[in-house]
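S.K.: Sharing a structure below in structure tokens format, with a few things to ask.
The values are calculated or read from the model by the stated rules, or taken from the named source; none is laboratory data. Bear in mind the structure is a predicted one, so any value in this text is a computation, not a measurement. Here the Cβ positions follow ideal geometry from the backbone for every residue, glycine too, while neighbour counts run over all protein chains shown. Surface accessibility is based on the protein's heavy atoms, side chains included, excluding ligands, DNA and RNA. Shrake-Rupley method; radii C 1.70, N 1.55, O 1.52, S 1.80 Å.
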Amino acid sequence: MQTAARSLARSTPHLRSLAIRRSHIGSSRESEGPGRTTHFGFKTVPEEKKETLVKNVFDSVASSYDVMNDAMSLGVHRLWKDDFVSSLKPGAKGSMRCIDLAGGTGDIALRILDFARENYADRETSVDVVDINGEMLKEGYKRFKKTMYHNTPQVAFIESNAQALEQFPDNTYDLYTIAFGIRNCTSVPDVLKEAYRVLKPGGTFACLEFSKVTNPLFNMVYDQYSFSVIPIMGSILAGDRESYQYLVESIRKFPSQPDFAQMIADAGFATGGMHEGKSGAWRDLWGGIASIHKGVKV
């Protein structure tokens with residue numbers, strides 16, 4: 001075992017970095033062994049290489065991450081994130097301990113803390129922002145330096161892998177969130193397994209992710225926009241066509257809403273019925289461009 005005493009922790013002393021077992025980073029227990037492959041966008045790559053490839057993408061886009069999401073959602077991602085957090089009502093039943101995975105830039109964490117404070121006068125709810133990418137965490141740390149939560153117990157930034165949260169104890173958190181991040185992980189089942197483990201009984205898993213458009217005509221228009229316009233915007237806005245091309249492809253490779261809902265249930269979570277909408281396991285946003293999935297640890 002070696003500690004994650006990386007440049008991130010050295011350059012930003014208030015940024016907490018905990019011990020990580022490096023041998024498990026980028027692989028899952030089920031996927032260990034030579035010759036196994038996974039997808040990186042539309043490419044097939046060795047499993048052990050995907051994490052590095054994804055890290056390179058987010059190193060490249062970290063400073064323009066919000067611009068990237070604006071391009072991919074026509075700016076609507078901000079409304080989706082507001083909807084996502086408000087649907088969770090953090091603070092409604094008292095202070096919560098939250099963990100936000102793939103949350104490096106801090107936009108979900110900030111929404112959680114603001115919602116709890118503004119709606120319930122809650123200044124005790126806390127969020128551990130966890131991301132495998134140090135550059136993304138630096139962006140989040142800079143964002144929080146402008147807020148009242150900076151240098152308070154309400155937020156911490158931790159570099160770790162969603163597939164191997166071994167430094168986090170069992171039954172710790174009331175709420176686990178992950179927004180626009182789970183599709184980039186090598187093993188979604190391992191992410192869900194770790195989410196289940198670190199949540200307290202009765203705790204909520206909530207995921208906001210790009211999904212499958214349900215209307216065929218709308219899907220055709222959305223595909224045309226995604227593959228023709230977004231990579232060009234990546235070149236113009238960030239000088240990085242390849243990263244944006246990967247992000248578009250990664251959305252198409254992610255499981256459908258029913259398949260992902262079943263994966264959440266298979267991890268042990270109680271979900272709604274295997275359908276969209278009221279009492280369902282997920283709720284589509286904008287015809288399925290994105291979806292919110294939830295599950296409760298039983």
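S.K.: Counting only residues that are surrounded by 20 or more Cβ atoms within 10 Å (Cβ to Cβ), among the polar types (S, T, N, Q) and in a loop (DSSP other than H, G, I, E, B), how many does the range 276-298 have?
M.R.: Counting residues in the range 276-298 that are surrounded by 20 or more Cβ atoms within 10 Å (Cβ to Cβ), among the polar types (S, T, N, Q) and in a loop (DSSP other than H, G, I, E, B) gives 0.
S.K.: Please work out which one of (1) among the acidic types (D, E); (2) buried (at least 21 other Cβ atoms within 10 Å of the Cβ); (3) touching a helix residue (DSSP H, G or I) at 6+ places or on another chain (Cβ under 6 Å) is the condition D122 fails and give its number.
M.R.: Evaluating D122 over (1) among the acidic types (D, E); (2) buried (at least 21 other Cβ atoms within 10 Å of the Cβ); (3) touching a helix residue (DSSP H, G or I) at 6+ places or on another chain (Cβ under 6 Å) leaves (2) as the failure.
S.K.: Regarding the range 267-280, can at least one residue be identified that is farther than 24 Å from N215 by Cβ and in contact with a Leu (Cβ under 8 Å, 6 or more places away or on another chain)?
M.R.: Scanning the range 267-280, I find at least one residue that is farther than 24 Å from N215 by Cβ and in contact with a Leu (Cβ under 8 Å, 6 or more places away or on another chain), so the answer is yes.
S.K.: Restricting to strands (runs of 3 or more DSSP E) lying wholly in the range 1-104: which have 2 or more residues that are farther than 30 Å from R117 by Cα and at pLDDT 70 or above?
M.R.: Once the strands (runs of 3 or more DSSP E) in the range 1-104 are filtered for at least 2 residues that are farther than 30 Å from R117 by Cα and at pLDDT 70 or above, what remains is 37-40, 43-46.
S.K.: I'd like to verify a number: residues in the range 237-259 that are open to solvent by less than 50 Å² (accessible area, probe 1.4 Å), part of a loop (DSSP other than H, G, I, E, B) and either more than 17 Å from E276 (Cβ to Cβ) or hydroxyl-bearing (S, T, Y) (or both), how many?
M.R.: So the answer is 2.
S.K.: Still on this structure, I have one more. If you go through the range 105-117 one residue at a time, how many are in a helix (DSSP H, G or I) and either under 21 Å from I251 (Cβ atoms) or polar (S, T, N, Q) (or both)?
M.R.: Going residue by residue through the range 105-117, those that are in a helix (DSSP H, G or I) are 107-117.
Filter once more, keeping what is either under 21 Å from I251 (Cβ atoms) or polar (S, T, N, Q) (or both): 107-108.
Result for the range 105-117: 2.
S.K.: Has the range 247-263 got at least one residue that is touching a Phe, Trp or Tyr at 6+ places or on another chain (Cβ under 6 Å) and modelled with pLDDT of 95 or more?
M.R.: Taking every residue of the range 247-263 in turn, at least one turns out to be touching a Phe, Trp or Tyr at 6+ places or on another chain (Cβ under 6 Å) and modelled with pLDDT of 95 or more.
S.K.: Please go through the range 118-149 and pick out each residue that is within 15 Å of D107 (Cα to Cα), assigned to a helix (DSSP H, G or I) and aromatic (F, W, Y).
M.R.: Listed by number, the residues that qualify are Y141, F144.
S.K.: Here is a list of conditions, (1) open to solvent by 10 Å² or more (accessible area, probe 1.4 Å); (2) of a type outside the set (D, E, K, R); (3) touching a residue at least 12 places away in the same chain (Cβ under 8 Å), and M148 meets all of them except one; can you say which number that is?
M.R.: For M148, the exception is condition (3).
S.K.: Then there's this: If you scan the range 260-270, which residues turn out to be more than 19 Å from the chain's Cα centre (by Cα) and open to solvent by less than 80 Å² (accessible area, probe 1.4 Å)?
M.R.: Of everything in the range 260-270, those that are more than 19 Å from the chain's Cα centre (by Cα) and open to solvent by less than 80 Å² (accessible area, probe 1.4 Å) turn out to be G268, A270.
S.K.: Let me spell it out: the conditions are (1) of a type in the set (G, A, S); (2) closer than 19 Å to I292 by Cα; (3) out of contact with any Gly (no Cβ under 8 Å at 6 or more places or on another chain), and A162 meets all of them except one. Which number is the exception?
M.R.: (3)
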